[in-house]
1. About its Cα centre, what dipole magnitude does region 211-257 give when the only charges are +1 on Lys and Arg Cβ and -1 on Asp and Glu Cβ, stated in debye to the nearest 20?
2. DSSP loop trypsin sites (Lys or Arg not before Pro) in region 73-154 with at most 12 other Cβ atoms within 10 Å of their Cβ, which ones?
3. Would you mind working out the magnitude of the charge dipole of the chain relative to its Cα centre, with +1 at each Lys and Arg C-beta and -1 at each Asp and Glu C-beta, to the nearest 20 Debye?
4. Here are some values of Cα extents along the principal axes in Å: (1) 109, 47, 38; (2) 57, 43, 37; (3) 59, 48, 29. Which one was computed from this structure?
5. Keeping the other protein chains in place, figure out the carbon and sulfur percent of the accessible area of the chain, with a 1.4 Å probe.
6. About its Cα centre, how strong a charge dipole does region 120-252 have in debye, to the nearest 20, once Lys and Arg get +1 and Asp and Glu get -1 at the Cβ?
7. Taking 8 Å as the Cα distance limit and 6 or more residues as the minimum spacing, I'd like the relative contact order of the chain as a percentage.
8. Go ahead and estimate [θ] at 222 nm for the chain from helices alone: -39,500 (n - 2.57) per DSSP H run with n ≥ 4, summed, over the residue count, rounded to 500.
Amino acid sequence: MRIGTRGSPLARWQADWVAAGLRARGHTVELVPISTRGDRQQVGPIGQIAGGDGVFTKELQRALLAGEIDLAVHSLKDLPTEPVAGLALAAVPPRAPNGDVLVSPQHSVDELPQGAIVGTGSLRRRAQLLHRRADLQMVGVRGNVETRLAKLERGEYAALVLAEAGLLRLGLERHISQRLPKTLMLPAVGQGALGIEARADDEPTRAVLAQLDDPDTRAAVTAERAMLARLSGGCLAPVGAWGRWEAGRLALAGVVLSVDGAQRLAAELVTDAAHAGGSRSSTAAELGRQVADALLAQGAAELIDEARRQGA
């Protein structure tokens, strides 16, 4: 089975994890590194790269459709919600911690000096931090995790905000200064989860990959992705979401912010999701749409359009 993956250390870790799971089930695998436009173009905000959404996934999807690979491993937060004809999300393995963390000589966001420079390539993180601390100077940062940490070491930033899952997977958790509470920072849609794509008509491969699927994680991210799709936000919008199971019920919190963080719209709902097949998936998707509708009723579309106009 040929596994398509980006070439960064984190992407390779994710692909190796999937490969190990397949080998443990008796399959022979080969990793096929594929360079994406998001990897090649390291200057400027991701949102300003032509094509915007999908800059880390489109080349993998093309290779999959062309039959050059049998499956593609994505960070699910990078995978656009709009389906690609001929492809299917074959597995969503168990999710890692999905939150964001502060990496800084200071111990917390509140301890950062007045006007401190904070590096993040995410409009979602930028807006939520500015909502808490309007004095912070938010500066874009690109590159893989190790590159970003090196820039912090050189003093280019007072702090970085990164995904906890990436640091844990690379064995770099020692750099974490603060795990940001969800009340301050809701994660990106799908953050901490992997998405494994296969061709829709490749039933043998999809049957194998189904063994790696985690139903609870899939339901949670299905709700998140349905919310984002209803908002028409795309992967790069100032939108956060947190789907999780609480006492056997599926809960979803969502936020949409203005680019400057001054406005923050929030909504949260809980549903009794069925525990079988399609009904569970459809219930999760409906929960996502209901949370999105609650945000849209508060004016979320205007904030998302503003971010799109600014090319953030």
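The values are calculated or read from the model by the stated rules, or taken from the named source; none is laboratory data. Values in this document were obtained by computation on a predicted structure and should not be read as measured data. Cβ placement follows ideal geometry from the backbone for every residue including glycine, while neighbour counts extend to all protein chains displayed. Note: areas computed on protein heavy atoms with side chains; ligands, DNA, RNA excluded. Shrake-Rupley method; radii C 1.70, N 1.55, O 1.52, S 1.80 Å.
1. Values: 5 positive and 5 negative charges, 37 e Å.
In debye, rounded to 20, region 211-257 gives about 180.
2. Sites meeting the loop and neighbour criteria: 154.
3. 380 debye
4. From the options (1) 109, 47, 38; (2) 57, 43, 37; (3) 59, 48, 29, the structure gives (2).
5. About 50 percent, which is the carbon plus sulfur part of the accessible surface.
6. Working: 20 positive and 15 negative charges, 129 e Å.
Here the size comes out at about 620 debye.
7. Details: 654 pairs, mean separation 63.3, N = 312.
Computed over the chain, the figure is 20 percent.
8. Numbers: 10 runs with 107 residues, N = 312.
Taking each H run of at least 4 residues, the total per residue is -10500 deg cm²/dmol.
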